[in-house]
Amino acid sequence: MTLVKTTYNRRSFLKSSLAAGGGLMIGFSWLASACSVNTPKELTIPDEWFEINAYLKIGENGVVTIFSPNPEIGQNVKTSMPMIVAEELDVDWKNVLVEQAPLDTVKYTRQLAGGSDSIRTTWSALRMAGATARTMLREAAAKAWNVSVEEVTSETGVLMHEGSGKKAGYGEFASVAAQVAVPEKVDLKELDDFSIVGTSRKNVDGMGIVTGKPLFGLDYKVDGMLYAMLIHPPAFGMKLKSFDPDEVKSMPGIKDVFTLKTFNDDYKRQWSDTISFNEQVVIIGNSTWEVWNAKLMLNVEWELSAESKISMAGWGNDYEVNVPAGLESTFGHIAKMKEMAKKPGEIVRRDGNPEEEFKNAARVIERTYTAPFLAHSPMEPMNFFADVKADSAVVVGPIQSPEYMGKSVAERLGLPLDKVEVQMTRMGGGFGRRLYGHFGVEAAVISQKMKAPVKLIYTREDEMTAGIYRPMYHAVYRAALDTDNNLTAFHVKMGGIPENALHANRFPAGALDNYLAESWETDSNISVGAMRAPGSNFNAAAEQSFLDELAEEMGVDPIQFRLDLLKRAQENPVGENNDYDASRYAGVLEMVREKSGWNQAAEGKSRGVAAYFCHRSYAAQVVDLVMENGEPKVEKVYNAIDCGIVVNPDAAVNMVEGSVVDGIGTAMYGELTFSEGQPDQNNFDGYRLIRYTEAPKKIDVHFVENNIHPTGLGEPPYPPVMAALANAMYKATGTRYYHQPFIKNSFD
Amino acid sequence: MAVFNLNVNGKTHQVDVDPSTPVLWVLRDHLNLLGTKYGCGVAQCGACTIHLDGKAVRSCITFVDSVGDKQITTIEGLSEDGDHLVQQAWLEQDVAQCGYCQSGQIMSAAALLNENPHPSDEEIETAMNGNICRCGTYLRIKEAIKTASKV
């Protein structure tokens, strides 16, 4: 045990009737998802619950409910976060029920799904919540047994006093413990004593998922709820001109048709308020299909929009985003990128004298890499529920950034922040798309106007064509070699439309005496946002392919090449601002070399390797494949991951498997193109996602075992596999894959 | 609008809807059977898969006036308590990440195993290729189908 002060978020330990009751629950589907779905048959629901703190309540029979604070997007935090609480509470996992907590910024820490940061940023608070409750139970028992609290121990839900032989279940002391003052200091378990964290526990929503329970945002319903859909301009660079509501207002089931302005003109937008089309037409009716039919019938006229500026409230300082006029096309984007890459960029990092070394080089290797716009395409399209009253509002649905949505909704409705309740449903994926919660604001504005509960639904076509994409990227990598094939200088110039991807302080920065990183950006009216491992998802693909080619040109093994650079970065790093830990980076490369049997040839298979650091974790991968009809048949992907302590190992393996499949799909097939401002793909018939026949046959996952507090996992294995794939495909075909999607591999 | 008598999960339900309404939206909006999911609306993702007389169909392009007296089975009707072999295999393999596509995956898998109780890897891949999982749980789904096929 380690005695620690309970300074961490003490507010969480104050009583919260909101969390204890599971929030102001409304609607049948929410109740169903919160209680009955996850209750195992063998568990008896207590007659009475005693709230210990905002994270947990204990029943008189010892059953515990743990509130999972963060949004569940498929990263499985709804299981792993309560596991951490249960560990320190010291209870049998079989006696634990899990409920999704509502948004409560006072009681909880960073309720956000993004940056692979849920576990890392809440690890201490979750441990503290469990440990505090355990201490309060021990204090309650000590008082009743008239012994000192130090003499009262616990073992999986049972309190004990060795001297007197007294024993009692947590349930017996729950009511008293709930009245105990929050202790000043609590014992945390030693990591080696963990019995829940580090063992595989199944998804707490598993049964609900396989029986089709209404867990998701689109499933949320209340009596009298109306359905709404939007019509947005068909192309970026266009805006609403006029429409004739009368022709559809008389259609069956249609309640109203009007213009919706998501954000007011004078509103200073938050980072999460990205939106492509601020003015849209909304159709409201009694059922999805009736509204959809009216949407297809409505005649709307559009016109070109002028250049505009959007005011953003940044982190610390306000700024403006320029939105140019015009109808953009992919061929124009390609031409623009080629032009920008020829101009000097903004120098982000410069070590030594790279310009001089390039002048003196015996040989310069230069390669260009590109990647297209991507649509996030989570399986559950955007949707949100809102019920807005005169002086309060409730919004419910799938959102990665509930805190920020709450602020935007309150601001737009003109309500105090504490009058807007945000509830999170399970999300049918997000991949970053659900960080941008304009759909919650839209639902709220519609509900306010209709004076009724409303569910806003995006069709798949709406979602794929309404923007907030992964940006389009371009990178030129250059390496200078001397006459002995030594690497003497390294240069990357990376840019994007309209945002850049460069991570200038990551490997190989720090390992090279002469290093130059430049970046550029160019305006576009196509909106973009974070997508799984933002920036990294291009950096890794490009840089790790370049390093592979460089190693080949230098005549060295690609893993040994990286390890030699990392050795330099570890022993004698260049510069002080290097993001990564060179020894942990080398550790995953060494592990994947061993696990894949890298030094033995894989019979009949072509192999490629890549590694990357992002979200404070390290991933190295080896891909084994054969090529058939120009497409890879991936036989096996070996993964070595260092993300610190692994909370729920089998679920962590699942996450890595999914990242590998997603990464291969992105690199091979992912592409959104534009003609005259209009996306050329609007559904899965045109926009290609990876399917069964294209997925790897086998994925091996190995975690580095250490006692480092957990870091990210949902994103880090996704970027490097793209390069490992490209490098293996080169071995099979003799062709280098510079341009995503690899099925095209062209940039013209 | 027209009245239809639908046989869903062994019970008859009467609905008054436009004849062009896809079964997907009849189930979700009118019968409160929300396990059948909307993913694409054009039979490309399989999230809306149901059984029509035991065969897997995409409910997003199956119009209510085409059903007649055929038996509709949804994920809610696959078993009483989630104890269908395929559902149990899904739990054993802890397949789901976000979980949104899984009811459609399970309905496709159950129909496959009805027709072919012991499919090969290739037969599984071909039969399931119309179901997208954006989280990439394909390997676990294949394992789960093989688990169910061994019982």
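For region A:425-549, give me the percentage of DSSP beta bridges that are antiparallel, rounded to the nearest 5 percent. Mind dumping the intermediate values first?
Working: 10 of 18 bridges.
Of those bridges, close to 55 percent are antiparallel.
The label point for B:N116 and the one for B:S66, both projected 7 Å from the Cα toward the Cβ, are 2.4 nm apart.
Under the combined filter of DSSP loop state and at most 10 neighbouring Cβ atoms within 10 Å, region B:15-101 retains these GluC sites (Glu not before Pro): B:E80.
Calculated mean residue ellipticity at 222 nm for chain A: -9000 deg cm²/dmol, from DSSP H runs with n ≥ 4 weighted as -39500 (n - 2.57), summed, divided by the residue count and rounded to 500. If you plug the beta carbon distance of A:T156 and A:I708 into 1/(1 + (r/R0)^6) with R0 = 30 Å, you get a FRET efficiency near 0.65. Please list, in order, the residues from region A:572-599 whose amide nitrogen is less than 16 Å from a point placed 7 Å along the Cα→Cβ vector of A:K698. Flagged as within label range: A:594-598. Once C-alpha pairs closer than 8 Å and six or more residues apart are averaged by separation and normalised to the residue number of chain B, the relative contact order reads 24 percent. Given A:A393, B:F63, B:N116, which one lies farthest toward the positive end of the charge dipole of the protein assembly as shown, if we put +1 on the Cβ of every Lys and Arg and -1 on the Cβ of every Asp and Glu? The Cα lying farthest towards the positive end belongs to A:A393.
Most simply put, chain A has about 75% antiparallel DSSP beta bridges, counting only bridges with both residues inside it. Taking every DSSP beta bridge that has both ends in region B:2-77, the antiparallel portion is near 90%. In whole Å, what is the distance between the alpha-carbon centres of region A:213-231 and region B:1-68? Value for the Cα centre distance between the two parts: 17 Å.
In a fully extended conformation the segment linking A:D418 and A:Q600 would gain 59.3 nm over its present Cα-Cα distance, using 0.36 nm per residue.
Once you have the alpha carbon radius of gyration of region A:248-394, what is it after dividing by 2.2 N^0.38 Å, with N set to its residue count? List each step's numbers first, then the result.
Values: Rg = 23.9 Å, N = 147, 2.2 N^0.38 = 14.7 Å.
Against the compact-globule rule of thumb, the ratio is 1.63.
Sorted largest first, the principal axis extents computed over the alpha-carbon atoms of chain A equal 83, 74, 48 Å. Here the extension length gained between A:V149 and A:I743 equals 207.2 nm, from 0.36 nm per residue of separation less the Cα-Cα distance.
In region A:265-366, what chymotrypsin sites (Phe, Trp or Tyr not before Pro) fall in a loop by DSSP, with at most 11 other Cβ atoms inside 10 Å? Intermediate results must be reported in sequence, preceding the final value.
On the way: sites: A:Y267, A:W271, A:F277, A:W289, A:W292, A:W302, A:W315, A:Y319, A:F331, A:F358; in loops: A:Y267, A:F277, A:W315.
The qualifying sites are A:W315.
Assign unit charges at the C-beta atoms only (+1 for Lys and Arg, -1 for Asp and Glu), then state the dipole size of region B:36-151 relative to its Cα centre in Debye, rounded to the nearest 20. It works out to roughly 340 debye. Taking 0.36 nm per residue of separation and subtracting the current Cα-Cα distance, fully stretching the chain between A:T259 and A:N299 would add 13.1 nm.
For region A:116-154 and region A:75-114, what is the centre-to-centre distance using only Cα atoms, to the nearest Å? Centre-to-centre distance over Cα atoms comes out at 15 Å. Please tell me the relative contact order of chain A in percent, rounded to the nearest whole number, where contacts are Cα pairs under 8 Å and at least six residues apart. Rounded, it is 13 percent for chain A. For A:R363 and A:E279, a Förster radius of 51 Å and the Cβ-Cβ distance give a FRET efficiency of 0.35, rounded to the nearest 0.05.
Modelled spin labels at A:E184 and A:K94, positioned 7 Å past Cα toward Cβ, are 4.1 nm from each other.
Beyond 19 Å in Cα-Cα separation lie the following of the pairs A:K57/A:K407; A:K309/A:K455; A:K359/A:K493; A:K202/A:K697: A:K57/A:K407; A:K309/A:K455; A:K202/A:K697. On the beta carbon distance between A:M627 and B:T12, with R0 = 51 Å, the FRET formula returns roughly 0.40. For region A:426-504, the list of trypsin sites (Lys or Arg not before Pro) that fall in a loop by DSSP and count at most 11 other C-beta atoms within 10 angstrom reads A:K451.
Quick note: the coordinates plus some simple rules give every number you see, no bench work behind them. The structure displayed is predicted, hence computed values, not measured ones. Backbone-built Cβ (ideal geometry, glycine too); neighbour counts: all protein chains shown.
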